[in-house]
Amino acid sequence: MATLDEFAAARSDELQQLDLRREAEPMWFQHERMVGYVAYADRFTGRLDGIADRIDYLRELGVTYLHLMPLLLPRPGDNDGGYAVADYDQVDPAVGSMADLEALARQLRENGISLCIDVVMNHTAREHPWAVAAQAGDAAKHAYYITFPDRTLPDQYEETLREVFPEFAPGNFTLVDGMGATGRWVWTTFNEFKWDLDYTNPDVFIEMLGVMLRLANRGIEVLRLDAAPFIWKRLGTDCENQPEVHHLLTAYRALTAIVAPSLLLKAEAIVPREELVAYLGAELEPGDPQRNECNLAYNNQLMVQLWSSLAATEGRLMSNVLASMGQAPHDSAWCTYVRCHDDIGWAITGEDAASVGWDQFAHRDFLNEFYSGEFAMSYAHGAKFQENDETGDARISGTTASLCGIEDALLRNDDAALDVALRRMELLYAVTFAYGGIPLVYMGDEIGLRNDDDWAADPADADDNRWMHRPHMDWPAAERRAIDGSLEQRVFSIFTRLAAARAALPEVRAGGTVDILRQGDDRLFAFARRHRRENPMWMVSNFGDRTLVVKPQALYTHDVLPAQCVLSGAGAQMIDDVITLPPLGWVWLTR
Ligand code: OTU
């Protein structure tokens, strides 16, 4: 209560006005005009105050939501791109100050753009004052972390824990000297320099509430809750997605809403599909009462399936997986995306693979070989990430342009191949712009930025090839979007066309339902978006390599049929109720 009082009293008039506006239109973030952009501040414009000069650029793209990657003070040296925070109340001086952040949030808002930043809530850097105090013998701060005197319990936990970064951070515990005579084993899920916080300790819960509210009072509108699934541990489980995680997030939602009703919480939960919708408030057990949890969550399954379908040149697995996934609750929204700063992890279960007669591991290996370019005839220029010799697992790094074949076509100077690569990219983004939710454009995708060849130049990054798909913004290249026929113009126009069409199509707004349409050719991926008592919109796409002719009634017999094609790609069209879809072709249809 004291924390709430403190922050409620400190909330500015301006932000209270925002709260009132949002309360009058609580589903504002579901609007069809929403388009997100995701960037590292330093790699986008160098410093925070440089972003103001790029607001026009963002508006040209149709952006209404900007996620700036971690920018609070990180530990020195390797800090995983800012995910090891040393101080939640300071901005990394390399990009600016708290005052700059506040000014930027206001400027963006004045331009119709909501600012989102990360709250790294599962762990702090071991250089954070709490961890430093714990190491110096402060018992209260020691109790912020999860530590053990010996390996007994860690060994028991390890039996069911997975390793997120097996290559550069094997195991989940780190022996730290100086916390008792023989040192202590500290819970470190991700890296040895990231100490997991102990959310069984109410002091930790309240500290993190303060972190959230302080950022909300600076004008941040959306908080991305990093690694949220990991905040509650239970022996004998993988220590992800425990019921208490949902109870804690539900409490955070309720408490932040008292002080800052306009604040949105976004779950970064890269978890199996049956676990995901609970982060948006879907019931944990059948019959549970209505619960408000996060407003937004990443639709990781859609992302994985887009890449899987592209390589497999068919849409069956994607259709089965997405049809089996629960709907996002009516008052929430997905963040849909093609690429992000992380690797692509092939979260495809044995059951899902078997639904199309495939072996889970064979398919995963195929995707890894395909996107790392090892597979014969692959157009992709990615790389394997965190290859695990024990489990055979690996994930994929690479930018959209490099994974889609744009890099390959440019290197080979092959115009026809470039056309096809651009169609691949357009198809993937066309799905994320139509699926419902906030489509996120990952910085550089809009001008087709390829992998950063110098990604390993900074020794702190050299063991982590995710840096290859975190290039610096190439502003001279971005200028070329004005030159007709340039690569940048061709790519950029994909995004402006999708954003403009979306903004004029209330059917694509979040809320409502997605029905996956599975009757039809294996190579199709099709769905209908529906809001109660309204006509739906349909997307029909062809992931195959042959032209397909489709009759809408073959896809959807129990509904009004589409009458109009509002947007299409790769020469697809609908004439007299017949849809013609060349390879990688797609249509958005309405009544
Ligand atoms: C997140 O990702 C960030 O996106 C990563 O960049 C960080 O390295 C990581 O947290 C640690 O801070 O495992 O492979 O379910 O999957 O938190 C990426 C959520 C990750 C986790 C996710 C994590």
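Some observations on this one:
- Cα centroid separation, segment 488-556 to segment 226-270: 32 Å.
- The chain, dipole about Cα centre (Lys/Arg Cβ +1, Asp/Glu Cβ -1), debye to the nearest 20: 1940 debye
- The ellipsoid that matches the Cα gyration tensor of segment 321-367 has semi-axes, each √(5λ) in whole angstrom, of 24, 17, 6, with the longest given first.
- Span from the segment 298-340 Cα centroid across to the segment 446-478 one, whole angstrom: 26 Å
- Two-decimal log10 I(q)/I(0) for the chain, as the Debye equation yields it once each C-alpha is a single scatterer, q = 0.08 Å⁻¹: -0.54
- Between helix 202-217 and the chain: long-axis angle, C-alpha atoms, 0 to 90°, nearest 10: 50 degrees
- With q set to 0.09 Å⁻¹, the log10 of I(q)/I(0) for segment 245-375, from the Debye formula over equal scatterers at the Cα positions, is -0.31.
- Residue-averaged [θ]222 nm for the chain, counting only DSSP H segments that reach four residues, each worth -39500 (n - 2.57): -9500 deg cm²/dmol
- Relative contact order [Cα under 8 Å, 6+ residues apart], segment 442-591, whole percent: 16 percent
- Whole-Å distance, taken between Cα centres, linking segment 124-178 and segment 1-39: 35 Å
- Ranked by the mean number of other Cβ atoms within 10 Å per residue, highest first, peptides 543-549, 402-408, 484-490, 46-52 order as 402-408, 46-52, 543-549, 484-490.
- Protection proxy ranking, peptides 259-272, 178-191, average beta carbon neighbours within 10 Å, highest first: 259-272, 178-191
- When the chain is described by a simple charge dipole with +1 on each Lys and Arg Cβ and -1 on each Asp and Glu Cβ, the residue from Gln573, Val356, Leu284 located farthest towards its positive end is Gln573.
- Cβ crowding within 10 Å, taken as a proxy for footprinting-reagent exposure, orders Ser319, Ser541 from fewest neighbours to most as Ser319, Ser541.
- Dipole magnitude of segment 509-590 about its Cα centre (Cβ charges: Lys, Arg +1; Asp, Glu -1), debye to nearest 20: 300 debye
- Sequence-distant residues sharing a close amide H with Ile438 (under 5 Å, placed H): Trp334, Cys335, Thr336
- Crossing angle, helix 300-312 versus the chain [Cα axis fit, 0-90 degrees, rounded to tens]: 40 degrees
- Using the Cβ-Cβ distance between Leu561 and Asp474 with R0 set to 56 Å, the FRET efficiency works out to roughly 0.80.
- Positive-end ranking of Thr160, Thr147, Ala133 along the dipole of segment 129-196, with charges on Cβ about the Cα centre, is headed by Ala133.
- Tensor-based shape of segment 1-60 (alpha-carbon gyration tensor, a/c under 1.5 rounded, otherwise prolate or oblate): oblate
- Segment 509-590, relative contact order [Cα under 8 Å, separation at least 6], %: 29 percent
- For the chain, share of DSSP beta bridges that run antiparallel, in % to the nearest 5: 60 percent
- Net charge of Cβ neighbours under 11 Å - reference Arg33; Lys, Arg +1; Asp, Glu -1: +1
- Degrees separating the helix 243-259 axis from the principal Cα axis of the chain, which is the longest one: 90 degrees
- Relative contact order (percent, whole number), the chain, Cα cutoff 8 Å, 6+ residue spacing: 12 percent
- Using Cβ point charges alone (K and R +1, D and E -1), the dipole size of segment 129-196 about the Cα centre works out to roughly 220 debye.
Only the coordinates and a few stated rules stand behind these numbers; no lab work does. Here the structure is a predicted model, which is why all the values come from computation and not from measurement. Here Cβ is always computed from backbone atoms with ideal geometry, including for glycine, and neighbour counts include all displayed protein chains.
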